[in-house]
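The values are calculated or read from the model by the stated rules, or taken from the named source; none is laboratory data. Just so it is clear, the structure is predicted and the values come from calculations on it, not from any experiment. Reconstructed Cβ throughout: ideal geometry from the backbone, glycine too, with neighbour counts over all protein chains shown. Just so you know, the surface numbers come from the protein's heavy atoms only, side chains and all, with ligands and any DNA or RNA stripped out. Shrake-Rupley method; radii C 1.70, N 1.55, O 1.52, S 1.80 Å.
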Amino acid sequence: MHLREKLKFYAEKFSARDDEPHGQEIDNKHAAVWMGEHIPLLDCQDPVLEEIYYFRWWVYRKHIKKTPEGYILTEFLPQVPWSGPYNGISCAAGHHLMEGRWLRGSDTYLRDYCVYWFLGSGREHEQDYSNWLIHAVYRFTRTTGNYDLASELFPYMEDSYKRWKIRSLHRCGLFWSSDNRDGMEYSAGGNGIRLTLNSYMAAAASALSRIAGWKGDKSAEVRYRREAESIWRRMQTMLWRPELNFYRGIRVQEKTGTPGEMAEMDEITGYLPWYFGLPFQFEGDAQVKRMGAAFSRLFDRECFYAPYGPSTCSRYPGFLEKKAVHPCLWNGWSWPFSTSQTLTAAAEYLQKNREKRGNTEFGRREYGELLLLYAGSHYRTDRYGRKSCWIDENLHPDTGEWEARRFLKEQGFPQEAGGYERGKDYNHSTFCDLIISGAAGIHMYEDGRLTVTPLLDHRWKYFKLEDVPAGGHLVTIQYDKTGERYGSGPGFQIYADGRLQAGFDSVPESVTCIL
């Protein structure tokens, strides 16, 4: 089947099974056409991974919303009372940008969205939840090669950074946040000096430093670089536990309180520093390799591993305990939000630590297994035994049942909580980005460098991503072990705008092209 026929098949399949209770700008009738004009096309040997890739793009376009201020992306399709103007919520906005940067014509939607948060009516609600918007703006503009947006927003992102410092800097020198304002209600670790906001702030300072460099502002470049390193050093001193080879947050009930005890369990937020590549920026090779051994915990059944996981914390005595009459719990339930953060972190680790990928407890094979496990959680079986693609809020890590949906359904989908099927087609995580920047390993850099560092192991027989926008070009990568699938010979090829850039007999460790 031709790739465009495949896209049409999936889009029509998903639309035919959807009752479309909450429509927005691009309805199901126009889904296939919109997807054909905007998304990179995938062909791969794993049918679940392929189906969920197209499903997640089909879901993403549902959340594109046209407003009087331009386009924004929503988290929930129905209006929810805790949102900002036009139903905007900042909690997962970083995911929206990281996923949407791979759309052809992404500027059409995402430029407006960035302006909404830093200049528009979203500004007053940007700090309702901790987020990594500044880092995501940097990555979005680096991918597209259009740096004007980041330069234009630079003073407003500086203002956001300063406001976060005023509201959240604890006297210990790190940042305090409540788990609720991290979007992680009733978490195992509780309120305090958490890995979330501290990682986001270090990443924001690092991004501001790089954007200042684009602008030629050497003073700001150096200042924010020092800020990022200062936050990092405090994180290493206060939150890194060498004896555990992992991070743990410190419980503090109030911003002004004295730091208390460290959490007694591991939380999956401990991988967040890797999401932003922070260890690679500030640690030597030997320390990076020691710290990287923490990724083996993702396959430890007493820690994070579960058949529909990973879980959000290790299996401590309060694991999955119903702490409150509330649909959203982070004390062990699996959340696509954190799963996609963790898989991004794992890809960053493997792609920047290439010499270790093939001979550690966590390598390309393990990354692929977790990606397939995550893909396999995107289903729901109805009361008639029919299985369909599904993405919602949180799920039971051992059974795969969508927990918030179960809770809300039992309550009759109360209107004050978002109403009927509020979590259906929830836009609170990434998936396609994990295929494009993770499995395929496509990254665009400031100087026109396209770096491809695939995480495909020896089990893959074929894999193709077609027309991925990067730096103003359309990039295609394909791997065909025998040469029979695509008819252009065996091996791995990289194309830009239809022209062959590089070819290899097998999947390469990494290759860089200047576009």
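Overview of results
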{"item": "Cβ-Cβ under 6 Å pairs, at least 6 apart or on other chains, the range 476-505 side open to solvent by 20 Å² or more (accessible area, probe 1.4 Å), far side acidic (Asp, Glu) and part of a loop (DSSP other than H, G, I, E, B)", "result": "none"}
{"item": "Whichever residue in the range 307-333 is at pLDDT 95 or above, small (Gly, Ala, Ser) and in contact with a helix residue (DSSP H, G or I) (Cβ under 9 Å, 6 or more places away or on another chain) and, among such residues, is nearest to His443 (Cα to Cα)", "result": "Ser311"}
{"item": "Unique residue being hydroxyl-bearing (Ser, Thr, Tyr), buried (at least 20 other Cβ atoms within 10 Å of the Cβ) and over 29 Å from Pro259 (Cα atoms) when the list is Ser177, Ser199, Ser209", "result": "Ser209"}
{"item": "Helices (runs of 4 or more DSSP H) enclosed by the range 1-96 - at least 2 residues per element that are more than 21 Å from His428 (Cβ to Cβ) and either touching a residue at least 24 places away in the same chain (Cβ under 8 Å) or among the acidic types (Asp, Glu) (or both)", "result": "3-16, 31-38"}
{"item": "Condition broken by Glu416, with the remaining ones in (1) open to solvent by 10 Å² or more (accessible area, probe 1.4 Å); (2) in a helix (DSSP H, G or I); (3) under 30 Å from Ala502 (Cβ atoms) satisfied", "result": "(3)"}
{"item": "Selection count, the range 12-58, where residues are small (Gly, Ala, Ser) and either in contact with an Asp or Glu (Cβ under 9 Å, 6 or more places away or on another chain) or over 22 Å from Thr108 (Cα atoms) (or both)", "result": "4"}
{"item": "Residue among Asn131, Asn146 that is touching a residue at least 24 places away in the same chain (Cβ under 8 Å) and closer than 25 Å to Gly270 by Cα", "result": "Asn131"}
{"item": "Pair list, Cβ under 6 Å, 6 or more apart: the range 171-182 residue within 17 Å of Trp330 (Cβ to Cβ) and among the charged types (D, E, K, R), other residue open to solvent by less than 20 Å² (accessible area, probe 1.4 Å) and part of a strand (DSSP E or B)", "result": "Asp179/Ser187"}
{"item": "Residue in the range 90-100 that is open to solvent by 10 Å² or more (accessible area, probe 1.4 Å), closer than 30 Å to Thr476 by Cα and not hydroxyl-bearing (Ser, Thr, Tyr) present", "result": "no"}
{"item": "Matching residues, the range 369-413, being in a helix (DSSP H, G or I), farther than 18 Å from Leu434 by Cα and small (Gly, Ala, Ser)", "result": "Ala404"}
{"item": "Lone qualifier among Gln45, Gln79 - being of a type in the set (S, T, N, Q), open to solvent by 20 Å² or more (accessible area, probe 1.4 Å) and out of contact with any helix residue (DSSP H, G or I) (no Cβ under 9 Å at 6 or more places or on another chain)", "result": "Gln45"}
{"item": "Enumeration of residues in the range 113-132 that are part of a helix (DSSP H, G or I) and out of contact with any Lys or Arg (no Cβ under 9 Å at 6 or more places or on another chain)", "result": "Tyr113, Cys114, Val115, Phe118, Ser121, Gly122, Arg123, Glu124, His125"}
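Conditions (1) under 27 Å from Lys218 (Cα atoms); (2) β-branched (Val, Ile, Thr), marked per residue:
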| site | (1), (2) |
| --- | --- |
| Trp102 | no, no |
| Leu110 | no, no |
| Ser130 | no, no |
| Ile134 | yes, yes |
| Ser151 | yes, no |
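Let's see how each residue does on (1) surrounded by fewer than 17 Cβ atoms within 10 Å (Cβ to Cβ); (2) touching an Asp or Glu at 6+ places or on another chain (Cβ under 9 Å):
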site	(1), (2)
Phe295	no, yes
Arg301	yes, no
Gly309	no, yes
Arg315	no, yes
Lys322	yes, no
His326	yes, yes
Asn331	no, yes
